[in-house]
1. If you rank ASP196, ASP210 by how much accessible surface each has, with a 1.4 Å probe, what is the order from largest down?
2. For the pair HIS50/GLU20, report the inter-label distance in nm, with labels modelled 7 Å from Cα in the Cβ direction.
3. Among the listed pairs LYS103/LYS171; LYS103/LYS180; LYS193/LYS257; LYS44/LYS257; LYS186/LYS233, give every one whose C-alpha distance is greater than 26 Å.
4. What whole-number value in Å² describes the accessible area per residue of the chain for a 1.4 Å probe?
5. Please report the accessible area of THR45 (heavy atoms, 1.4 Å probe, ligands and nucleic acids excluded) in Å², nearest 10.
6. Any idea how far apart ILE228 and ALA168 come out in nm if each label point goes 7 Å out from Cα toward Cβ?
7. Work through the residues other than THR8 whose Cβ is under 12 Å from its Cβ and net out their charges, Lys, Arg +1 and Asp, Glu -1.
8. Which residues does the label zone of GLU140 cover in region 1-39, counting backbone N under 20 Å from a point 7 Å along Cα→Cβ?
Amino acid sequence: YFPVLHGTFGEDGTIQGLLEMAGIAYVGSGVLGSALGMDKGVFKTIMMGHNLPVLPAVIVTRNQIRTDIHQVVALAETLSDYPLFTKPANLGSSVGITKCRSKSDLMEGLMDAARYDRRILIEKGLSSAREIEVSVLGNEEPRAAIPGEVIPGEDFYTYSAKYLSDNAQYKIPADLPQGKLTEIQKIAVAAYKAIDCAGLARVDFLVNADDQEVYLSEINTFPGFTRISMYPKLWENSGLPYKQLIEKLIELAMQRKAD
């Protein structure tokens, strides 16, 4: 089974659990890896436990926001200066994400994120960041493709930039020193292993444009898979064509089932 499904019920461990109970081999991470990759807050905590670089963040609940939003704002402002980002902990495609440059932005962002999830991530933002993506492939011995850069036509890689407009640009490989590309690949593989991913995942990074510091943003355990999606494009540029990539993923799924 090839679960080309985004978001809730598709890549959060639920369909994977159903397939496990049915005894069906499937492409991608199992219940644990899928669930951990889906929840941005838990994922970030695990990355910190593995000493992998992430931006400071805090998780709050919808109930906290409804009960005393000013207390939540005060907590958020202890993280760093603005900008701050608000995100639903369990969602994808940049839905419900707000870049907050002021207290009023933050309050609006918290209310918007709370429409989509009961857990909300508030994260330190970078005033100028480059968005780097890495495709990872494998089960117990994963490897990373050449990192690529997304250059959004908007302030950050929003939902509309991903799906409704064609003003985003992609650069493969990313225009970074080789040492920095290698560092990003190593972190991507370490993150993949840390949450027990399998088959495939796309690992997303932010690189501070001012000092070139690398920060792990999130992991997508079932990334977009059309011919123009970043995951297969990165592997194609690394010498693994689309057809062979699909064949390899099916092979990995069968190996995982046998294990």
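1. Values: ASP196 70, ASP210 120 Å².
Result of the area sort, largest leading: ASP210, ASP196.
2. Distance between label points: 1.8 nm.
3. Check vs 26 Å cut-off fails for LYS103/LYS171; LYS103/LYS180; LYS44/LYS257.
4. Using a 1.4 Å probe on heavy atoms only, each residue of the chain averages 47 Å².
5. For THR45, the solvent-accessible surface is approximately 80 Å².
6. 1.2
7. Details: positive: none; negative: GLU11, ASP12, ASP39, ASP117.
Value of the local net charge: -4.
8. Within reach of a label on GLU140, which here means backbone N under 20 Å from a point 7 Å along Cα→Cβ, region 1-39 contributes 25-34.
The values are calculated or read from the model by the stated rules, or taken from the named source; none is laboratory data. Computed from a prediction, not measured in an experiment: that's the story for all the values here. Note that we place each Cβ from the backbone using ideal geometry, even for glycine, and neighbour counts take in every protein chain shown. Side chains are part of the model used for accessible areas, which takes the heavy atoms of the whole protein and leaves out ligands, DNA and RNA. Shrake-Rupley method; radii C 1.70, N 1.55, O 1.52, S 1.80 Å.
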